[in-house]
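Q: Dumping the structure here so I can ask a few things about it.
The values are calculated or read from the model by the stated rules, or taken from the named source; none is laboratory data. Note that this is a predicted model, so its numbers are computed, not measured. Heads up: the accessible areas ignore ligands, DNA and RNA and are worked out on the full protein's heavy atoms, side chains in. Shrake-Rupley method; radii C 1.70, N 1.55, O 1.52, S 1.80 Å.
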Amino acid sequence: KKLVLNAITKGQTPQEDAAKFRKVRLANPKIKATLVDVPGALEIMLSTGFALEEHDGESVLVFPPDNVGPDWLPSAMKQLDRLATG
């Protein structure tokens, strides 16, 4: 959830460092454990607007600049918040 929120908010600002919020290294051990190794998690990320690319010989997810994701994303994020807070 945090990766998607960062990509559609912090990753869309005009600041020079915004690009780091749109790129997720799949080799990162924490990302691998919580995203790559979880069945269906990568597919969810792709459905929110991330694209799977190769950068410098490693697989990364990239959220395109000026992309806000699919129309259903804000509603889904709100529902996740409601479920998480009970």
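Q: Pulled fully out, how much extra length does the chain show between V68 and L83, if you take 0.36 nm times their separation in residues and subtract their Cα-Cα distance?
A: The span from V68 to L83 would gain 3.1 nm if fully extended.
Q: Report the extension gain between K23 and E53 in nm, rounded to one decimal, defined as 0.36 nm multiplied by the number of residues separating them, less their alpha carbon distance.
A: 9.8 nm
Q: So what does V36 come to for accessible area, using a 1.4 Å probe and Å² rounded to 10?
A: 60
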